[in-house]
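**Student:** Here it is, the structure in full.
The values are calculated or read from the model by the stated rules, or taken from the named source; none is laboratory data. A quick note: this is a predicted structure, and the numbers were derived from the prediction, not measured. Ideal geometry is used to build each Cβ from the backbone, glycine not excepted, and the neighbour counts take in all protein chains shown. Accessible surface is based on the protein model in full, side chains and every heavy atom, while ligands, DNA and RNA are left aside. Shrake-Rupley method; radii C 1.70, N 1.55, O 1.52, S 1.80 Å.
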Amino acid sequence: MNDGYRTTARIAGLGRFLPEKIVTNHDLEKIVDTSDEWITSRTGIKERRVVAEGEGLLDLVVRAGKAALDDAGVEAEAVDLLIVATATPEQPIPATSAIAQPQLGVVNAACFDLSAACSGFTYSLNVARQFIATGAAHNILVIGAECLTRYTDWSDRKTCVLFGDGAGAALLQPADAGEGILHIDWRTDGTLADFISMPGGGSRFPPNSRESIDQGFPFIKMRGNETFKVAVRAMTELSLDLLKRAGVQPADLDLFIPHQANQRIIQAVGKRMGLSGEQVYSNVHQFGNTSAASIPMAMVGAVEEGRLKRGDLLMLTAFGGGLTWGSALIRF
Ligand code: COA
């Protein structure tokens, strides 16, 4: 069932952290021309978490990372690699992972951030798996975290209802073939880079430039409708391809966790893959789209709700800006 690696990576521990503040659809009705009915029927989202004043990505990263280390029962000093997947870092320089290192106590870890938008966690799993398979690392902490609401244009009803903040983390360790990550793959299509973008805040339109602020660049922009269609097709095709390579039928999956962006996307992917409603996990109603945090946050939710147990056959699939996407088949 696995893809030929003699050593692979297993998820030894999971953790998540959510900001306390909850913003409901009714709260949004007070600031933009929208309604709970529209948001619920088009997206499935009912509420989202929002970082408090003075909070930043670092706070979420550290709390989620510590929770994953505790869950795995691994000492922070034993971690040899820390990857933070995010599109909304604590600050441009240095990497959020480096700033988080002392607070996490992962003093022996090399640290870097990975930028693949909503696919960031799945991409990081693939990177971590390679380092573990080659024997170059033995304990890798992967954290997907976002403060998307800091880059949300609260006057744009097309995007402000979609996003939320949060963090999820996984501690990866070596495992024999047949356990842990069985198959994992990723894709990028940069010709569609402008489907989901934030053009300001980089080197072309730096955050300190008047042009960047005047033109509203440092906000997330999305061609929602077109993105929707590609997301459904891309996640379905790659996931079915992985199942085929593994010789696994969709019905054999104990749980399928797709990126939590929109309930209609989640349902469409599940249906096209031939999965039953019980096989498909969703918590988008609670947290909205938290980008790189969405899949690890959902895994923690699934474990807490008793829907994901050790030994289960689990499939993850993510899709986001880039455009990027990735899927993983895991014996949990
Ligand atoms: N409240 C009320 N009306 C809204 C609204 C809101 N929050 N947002 C948009 N509308 C209106 C639009 O203005 C439009 O009105 P018009 O026909 O008078 O111009 C109408 O609703 C339909 O807009 P449209 O953008 O076509 O809606 P949609 O059904 O495509 O839903 C999204 C919009 C964003 C929910 C949906 O496209 C989506 O989820 N896209 C993918 C998101 C995603 O997966 N991102 C990638 C992963 S990160």
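**Student:** Just order 9-16, 155-162 by mean Cβ neighbour count inside 10 Å, highest at the front, would you?
**Tutor:** Highest to lowest by the protection proxy: 9-16, 155-162.
**Student:** I need to check one value: relative contact order of segment 100-195, counting alpha carbon pairs closer than 8 Å and at least 6 residues apart, in percent.
**Tutor:** Worked out over segment 100-195, it gives 25 percent.
**Student:** Tell me, in nm to one decimal, what length is gained between Glu304 and Lys229 on full extension, where the rule is 0.36 nm per residue of separation less the Cα-Cα distance?
**Tutor:** Here the segment from Glu304 to Lys229 would lengthen by 23.8 nm.
**Student:** Same structure again: Along Cα→Cβ, 7 Å out, is where each label goes; now give me the distance between the ones at Thr191 and Ala78 in nm to one decimal.
**Tutor:** Reported label-point gap for Thr191 and Ala78 is 4.8 nm.
**Student:** On a straight-distance basis, which lysines could pair with Lys271 in a cross-link, Cα separation under 25 angstrom, same-chain partners fewer than 8 positions away excluded?
**Tutor:** Straight-line reach from Lys271, under 25 Å: Lys46, Lys229, Lys244, Lys309.
**Student:** Tell me the carbon and sulfur percent of the accessible area for segment 160-273, rounded to whole percent, probe radius 1.4 Å.
**Tutor:** Summing carbon and sulfur atoms, their accessible area is 50 percent of the total for segment 160-273.
**Student:** Hey, what number do you get for the chain at 222 nm if only DSSP H runs of n ≥ 4 count, each worth -39500 (n - 2.57), divided across all residues, to the nearest 500?
**Tutor:** Rounded to the nearest 500, the figure is -9500 deg cm²/dmol.
**Student:** Something else about it: Can you order the peptides 47-53, 209-215, 239-245 by their average number of other Cβ atoms within 10 Å per residue, highest first?
**Tutor:** Output ranking for 47-53, 209-215, 239-245: 47-53, 239-245, 209-215.
**Student:** Collect residues whose amide H, placed 1.01 Å from N in the peptide plane, falls under 5 Å from the amide H of Gly200; neighbours closer than 5 in sequence don't count.
**Tutor:** For Gly200, whose amide H was placed from the backbone, the distant partners under 5 Å are Phe219.
**Student:** I'd like the distance separating the alpha-carbon centroids of segment 315-332 and segment 21-59, in whole Å.
**Tutor:** Answer, in whole Å: 25.
**Student:** As an exercise, take the mean of 1/r over every pair of distinct alpha carbons in segment 7-178, invert it, and state the Kirkwood radius in angstroms.
**Tutor:** Value: 16.8 Å, from the Cα pair sum.
**Student:** Can you work out the base-10 log of I(q)/I(0) for the chain at q = 0.09, 0.11, 0.12 1/Å, using the Debye formula on its C-alpha atoms alone?
**Tutor:** Computed log10 I(q)/I(0) values: -0.43, -0.65, -0.78.
**Student:** If packing is taken as the mean number of other Cβ atoms within 10 Å per residue, what is the order of 101-109, 125-133, highest first?
**Tutor:** Final packing ranking: 125-133, 101-109.
**Student:** Taking the Cα atoms of segment 182-331, what is the range of coordinates along each of the three principal axes, in descending order and whole Å?
**Tutor:** Its Cα atoms span 54, 31, 25 Å along the three principal axes.
**Student:** Here's another thing I want to ask about it. Would you kindly find the accessible area of Tyr123, with a 1.4 Å probe and non-protein molecules such as ligands, DNA and RNA excluded, rounding to the nearest 10 Å²?
**Tutor:** 30 Å²
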